[in-house]
Amino acid sequence: MRGQASGEGWQVEGGLRLGLPQISLKRLALSAQAMWGAEWSLAAAGEFDFASGSFVQFEAGIFRTFLGCLRVGLTFYLGGFRLSVDIPAFPAAKVQFAPLDEGLRLGGL
């Protein structure tokens, strides 16, 4: 089952996975985005596994756009954090740094 709701400056999406033949909750996935003006935005997403009682994925970030052409973000996830700088008009122009697992990455990959 999937659903979506949105309004001016926000959006929420979610999905629920059920087990069969007995109907039971297996996983719940949610993602949300919000914008404050043209400069600030928040994003969060996660997936919860009911069998293990834990999150299998989680990520939350805050982003600031400068002059409409340069976006800086700080994203936290289960294994650490990532700092990113990108130019929204050019998806390949991106720099990301995550000290624990990714190191420094250049480009839109």
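Each reported figure results from applying straightforward, stated rules to the coordinates on display, with no laboratory input. None of these values were measured; they are calculated from a predicted model. In this analysis, Cβ positions are derived from the backbone assuming ideal geometry, glycine residues included, and neighbour counts consider all displayed protein chains.
Comparing GLN22, GLN33, GLN96 in a Gaussian network model of the chain, where Cα atoms under 10 Å apart are tied by springs, the biggest mean-square fluctuation is seen for GLN22. Taken over the C-alpha atoms, the chain has Rg and Dmax values of 16.7, 54 angstrom.
Give the residue list of GluC sites (Glu not before Pro) in segment 1-39 that are DSSP loop and have at most 10 other beta-carbon atoms within 10 angstrom. Sites meeting the loop and neighbour criteria: GLU8. Extension gain for LEU16-ARG64 works out to 14.2 nm (0.36 nm per residue, less the C-alpha to C-alpha distance).
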